[in-house]
1. For the stretch 129-240, please list each of the helices (runs of 4 or more DSSP H) lying entirely inside it that holds at least 1 residues being at pLDDT 85 or above and among the acidic types (Asp, Glu).
2. Return the only residue of 52, 38 being within 20 Å of the chain's Cα centre (by Cα) and either surrounded by fewer than 16 Cβ atoms within 10 Å (Cβ to Cβ) or at pLDDT 80 or above (or both).
3. Going through the stretch 15-35 one residue at a time, which ones are in contact with a helix residue (DSSP H, G or I) (Cβ under 8 Å, 6 or more places away or on another chain), within 26 Å of residue 53 (Cα to Cα) and open to solvent by 30 Å² or more (accessible area, probe 1.4 Å)?
Amino acid sequence: MLALFHAFSMKCSQIQRAIKLGDDELVASLDRELEPLIAAILAYKAVSLLEIYMQLQFMNNLIREEADDRSRVLRNSASLSALIDRYFGGASEAAGEVFRVFSSEKIDRDDTLGFEEGSVLNDVILDSLPNRVAVVTRDYRYLYSNAANSEFLKSKSMELVGRHISEFIGSEDFEISLKAKLDACFAGEKVECLYPSYRQIEPGKVFRCTITPLRAKEEVIGALLVMHEIIAVPAGMLVA
């Protein structure tokens, strides 16, 4: 499934470049190539709660991105309903598990989200936060990115799904500083660290990152990353 999301993301990036070049013919051609990718993503039969969520989140993002086109909203809403019927139907227990893990995940006050303990992992809430929030799968690819993180990475949320973190921070920095911390999280540990901005336009900026395991039935299926800029740097916390 991630391969399909990656192909979709790359196609969206190509469309954005074509728009900037003013090549309407190429934009139209690339846009037509999106349809079979969307169809393939919808046709994919998920084999885990994580994959179910990925499909539902994809359609939810698609509805939001195409909110100005009523016909597409109606079509995408129907597709979203079909996915829900496919996986849940009358199985309220399975549906409840998905939404418990991904829509009602509790965030500690220490995660600096600015909400009281018990706030939910919800698109509307997370997109209103100034902090950067992302969900990463066990193979280090973006599953979710809130508005602040997407803007920081200069991408749309939907374009980030399926893309490897190393594409944005560089392979060397990923291997040296971040991979081990994500692996510790996937092993069940909550990780906190500080790291310098990887962008040359922000010299001297330092961010605090909290990495929390996301679990489904005791199994760690991903990581929740919460990042915000700080002023003072406690000794010994800065990532090498």
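1. 147-152, 166-169, 179-186
2. Being within 20 Å of the chain's Cα centre (by Cα) and either surrounded by fewer than 16 Cβ atoms within 10 Å (Cβ to Cβ) or at pLDDT 80 or above (or both) holds for just one of 52, 38, which is 38.
3. Result: 31, 33.
The values are calculated or read from the model by the stated rules, or taken from the named source; none is laboratory data. Note that the structure is predicted; figures quoted are calculated from it, not measured. Counting neighbours? That spans all protein chains shown, and the Cβs are built from the backbone with ideal geometry, glycine included. Protein only, heavy atoms only, side chains kept; ligands, DNA and RNA dropped before computing areas. Shrake-Rupley method; radii C 1.70, N 1.55, O 1.52, S 1.80 Å.
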